[in-house]
Amino acid sequence: MMNMNNIWFIMKRELSGYFATPVAYVFIISFLLLTGFSTFFVGNFFERGEADLYPFFSIHPWLYVLLIPAISMRLWSEERKSGSIELLMTLPVSVFEAVLGKFLAAWAFTGLALLLNFPLWITVNYLGTPDNGVIFAGFLGSFLMAGGFLAIGACVSATTKNQVIAFVLSLIVSLIFVLSGYGIVLDFFSSWAPVALVDAISSFSFLTHFDAISKGVIDMRDMLYFASVILVWLFANAIVVNARKAD
């Protein structure tokens with residue numbers, strides 16, 4: 001049975017570590033600047049004349065592909081490189097508790113960066129009368145998707161001591177999970193593959209499930225998809241850490 005105190009201890013340890021380095025501030029500033037730029041300039045927020053945050057949410061999958069590996073790359077590779085993983089494993093903490101604590105810290109940190117975009121929600125309400133239920137769903141979907149990317153990145157980070165390698169591999173795997181639902185990719189497969197295969201490929205994409213939620217359709221299948229992705233990659237993360245903790 002998991003000990004919540006252990007998970008909370010690891011989580012606090014990791015969160016304090018983020019803000020002890022420039023990584024946290026660089027990530028937050030980059031995320032805020034890129035989301036603001038894409039919303040108002042790339043997404044033509046004012047020219048569209050619609051009171052919604054579609055331009056804001058539509059860029060999130062691509063931003064997460066680039067930015068989240070920068071957070072997740074250090075989760076385990078730094079522990080292995082410095083040798084502190086041996087100290088961590090001597091604590092009365094199970095491997096999965098350590099994995100979950102580290103993941104929750106990274107997820108909370110990403111959630112904070114997402115929450116700092118709240119002024120955009122206020123702005124769109126000031127300028128018009130948006131459907132706030134749809135906007136809330138967009139934030140929820142973005143948070144769940146971020147969790148999926150982080151779980152992938154954490155697992156990849158446990159496979160290597162090199163943070164750069166962890167970053168590149170996480171980016172590649174994350175990109176696969178996004179592109180499998182991209183129109184060009186699906187069109188390629190639909191030209192020769194059976195419909196069942198095309199639907200299966202699309203169902204594995206973060207893009208497919210996030211788009212549905214960001215449009216205000218909170219379907220339990222989409223929620224379960226992200227929850228399943230997170231749990232599968234976290235269990236894989238625990239297996240890798242347990243197998244390589246002595247390396």
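We did not get these values from a lab; they are worked out from the coordinates using the rules stated. Quick caveat, the model's predicted, so the values are computed rather than measured. Backbone-built Cβ (ideal geometry, glycine too); neighbour counts: all protein chains shown.
In plain terms, the residue of L112, L53, L169 with the fewest other Cβ atoms within 10 Å comes first and the most crowded comes last, giving L112, L169, L53. The string of couplings for the stretch 99-108 from the Karplus curve (6.51, -1.76, 1.60, θ = phi - 60°) is 4, 5, x, 5, 5, 5, 5, 5, 5, 5 Hz, one whole number per residue in order, with x for Gly and Pro.
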